[in-house]
Every structure is written in structure tokens, then in C-alpha cells.
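First comes the structure, then the notes that go with it.
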Amino acid sequence: MITRAYVTTPEGQVHYQRAGQGDRTILLLHQSPVSSDQYLKVMPLLAARYTVLAPDNLGYGKTDKPSGLIEVADYARNACHFLKALNIGRASVVGHHTGASIGVELAIAHPEMVDRLILYGCPTIDPVVREKLLSHPRYAPLDIKEDGSHLLRVWQFFQRGSPEAGPEIWHQLVSQCLPAGKDPFAGEKTVFRYREEPRLPLVKTPTLLISGTKDVFHARLDVLERLMPDAAVTIIEGGDSQVLLRMPEEFTRAVLDFLE
């Protein structure tokens with residue numbers, strides 16, 4: 001069974017979902033612009049052996065919004081405070097896209113808290129592409145329309161990112177995105193500002209890189225392997241940005257094979 005609760009951190013109240021009663025803890029960090037709900041199909045599969053925690057990132061889901069501009073290190077600091085609020089000193093950390101960048105920073109800042117690090121689609125961005133993304137209208141705040149047509153932009157964002165997911169999953173994703181308010185893509189822009197290349201080699205935690213062959217970052221897996229040469233690598237054939245909802249069994253198998 002998945003339960004829901006809040007903890008108070010210095011950054012505000014954090015909403016999280018919990019499953020399992022295992023002696024070891026897994027922390028699940030979600031991508032933007034959705035919420036911890038993206039892990040709902042994965043959590044029961046992990047909960048048979050672990051205590052599984054899935055918080056909503058700052059500004060997403062039911063977690064409080066940040067007071068100003070937020071960077072990846074700020075997300076990681078909040079993840080640290082979240083674990084401490086629950087008296088958890090050490091966990092295996094799973095991060096997906098934005099969550100992967102957060103996991104990297106958490107492992108660098110607090111290696112004593114991260115037992116294993118599992119990164120799906122860890123963002124690496126070409127510097128030229130980075131500048132274009134930061135100014136791309138796709139990631140601008142929503143211009144709220146009386147007829148609700150601005151919501152079509154959100155729908156098309158998910159449709160473009162995972163064309164094989166289908167309308168049921170796109171609908172779930174739009175519903176997860178809406179609590180983020182007028183600037184749901186702030187989390188993406190945080191990752192675009194993040195300079196990952198000098199940071200990734202600083203990770204000393206045992207790491208698994210998972211890459212889906214249809215994921216937006218799969219083409220740059222070689223960059224990750226160069227920056228993290230000691231990391232294990234698993235490929236999920238057909239995995240894309242919504243692998244957690246489309247292929248939860250394959251994703252969970254990769255995680256458990258690494259942890260056990």
C-alpha cells in the first residue's frame with residue numbers, strides 16, 4: 001500500500017509517498033514538470049524489499065513552492081533535509097531526468113547519505129544547445145487564456161516527449177503538471193542552467209546509468225560514460241521519457257539487479 005504524508009523542512013512542507021517496510025531505503029526523485037506520481041507503478045515493485053520514499057520536488061505536486069529562483073543544488077539540499085526530517089541517514093537514490101541531476105548533487109554534497117546512485121536519462125547538454133533551450137518559447141511560462149487553450153501547450157509538450165505513451169498517460173502527466181502553476185517548466189530551465197560536466201566526475205558513490213533507447217538523452221550516453229567511467233550501464237530498449245509509466249517492470253528490474 002502507498003501512503004501519503006508531509007514533512008517540514010527549512011524550504012517548506014514536502015509532500016511524499018511511501019511504500020514498504022524494508023530495512024533499506026530507496027529515495028525516488030522525479031523529473032520535471034510532473035510529480036512523484038510518475039513512480040506509482042514502480043513503488044509497489046520495489047516495496048517488497050525496501051522502504052520506498054517518493055517526495056514531490058520543490059514547486060511540484062503538493063510540495064511548497066520555492067520563494068525565488070532555484071538551482072539543482074537547492075533541490076539537492078531539500079532532498080537532504082527531507083531525509084533528515086524522517087531520521088534517515090542513508091538511502092539508495094534513484095533519479096529520473098531532473099531527479100538524476102538532483103541525485104548527482106546530493107551524492108557529491110552528502111556522500112555519506114547515498115549508498116547507491118541510479119540515474120535514468122541523466123541530463124548532459126551540449127553548450128550550444130543549452131543556450132537555445134534557455135531561450136526557447138517551449139519552456140516559457142504559460143500565458144493563461146480564458147478559453148483554456150494554454151493547456152493544449154502542456155498536452156503537446158508531453159505528446160512530443162513520449163509519442164508512444166498515448167492519451168491516457170498524457171492526461172495523467174498534464175494532471176501532474178498543473179499544480180506547478182504558471183511556470184511548470186521552471187525545473188527544466190534549472191537543469192539547462194546546471195553545468196553537469198565538471199560535477200559528474202566528482203561522484204564517488206557506486207552508480208548505475210540507465211538509458212532508454214528512445215530517451216532524449218540517449219544520444220549522449222557516451223558523454224556520461226566518459227565523465228563517469230566507473231559507472232555500470234544498463235540499456236532499456238524502447239525506453240523514453242515516460243519509461244516509469246510505460247515500462248515499470250523493465251525499469252524496476254534494472255534497479256534491483258544493481259542494488260542486489
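Read-outs: derived from the displayed coordinates by stated rules, not from any lab. Note that the structure is predicted; figures quoted are calculated from it, not measured. Cβ atoms come from the backbone with ideal geometry, glycine included; neighbour counts cover every protein chain shown.
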Sparsely packed GluC sites (Glu not before Pro) within region 125-182, loop by DSSP, other Cβ within 10 Å at most 13: E146, E164
Positive-pole candidate from H218, G12, Q172, dipole of the chain, charges at beta carbon: G12
Remind me, relative contact order of the chain in percent, using alpha carbon pairs under 8 angstrom and six or more residues apart? 20
Under the rule of at least 5 residues apart or a separate chain, name every residue whose amide H is placed under 5 Å from the amide H of Y194. none
Using label points projected 7 Å from each Cα along Cα→Cβ, tell me how many nm separate R153 and A140, to one decimal. 0.7
For the E197, E112 Cβ pair and Förster radius 22 Å, calculated FRET efficiency rounded to 0.05 is 0.35
If I model a spin label as a point 7 Å beyond the Cα along the Cα-Cβ vector, how far apart are those points for E260 and A232 in nm? 1.2
Region 96-219: C-alpha gyration tensor shape, a/c 1.5 cut-off, then a/b vs b/c: prolate
Which of rounded, prolate, oblate describes the chain, given a ≥ b ≥ c as roots of the alpha-carbon gyration tensor eigenvalues and a/c under 1.5 marking rounded, otherwise prolate only if a/b is larger than b/c? rounded
With θ set to phi - 60°, apply the Karplus curve 6.51 cos²θ - 1.76 cosθ + 1.60 along region 14-27 and write out the HN-Hα couplings as whole Hz, x wherever there is a Gly or Pro. 10, 8, 8, 10, 9, 8, x, 9, x, 6, 9, 10, 10, 9
Note on the chain, DSSP bridge orientation, antiparallel percent to nearest 5 equals 35
What number does region 1-142 give for Rg over Rh if you use C-alpha atoms and the Kirkwood radius? 0.97
Where nothing but the Cβ of Lys and Arg (+1) and of Asp and Glu (-1) is charged, how large is the charge dipole of the chain around its Cα centre, in debye to the nearest 20? 340
For region 143-196, just say rounded, prolate or oblate: build the C-alpha gyration tensor, square-root its eigenvalues into a ≥ b ≥ c, call rounded for a/c under 1.5, and beyond that prolate if a/b exceeds b/c, oblate if not. oblate
Which loop-located trypsin sites (Lys or Arg not before Pro) does region 196-260 contain, where loop means any DSSP state but H, G, I, E or B and the Cβ has at most 14 other Cβ atoms within 10 Å? K204
Please report the spacing between the Cα centers of region 80-105 and region 46-64 in Å, no decimals. 10
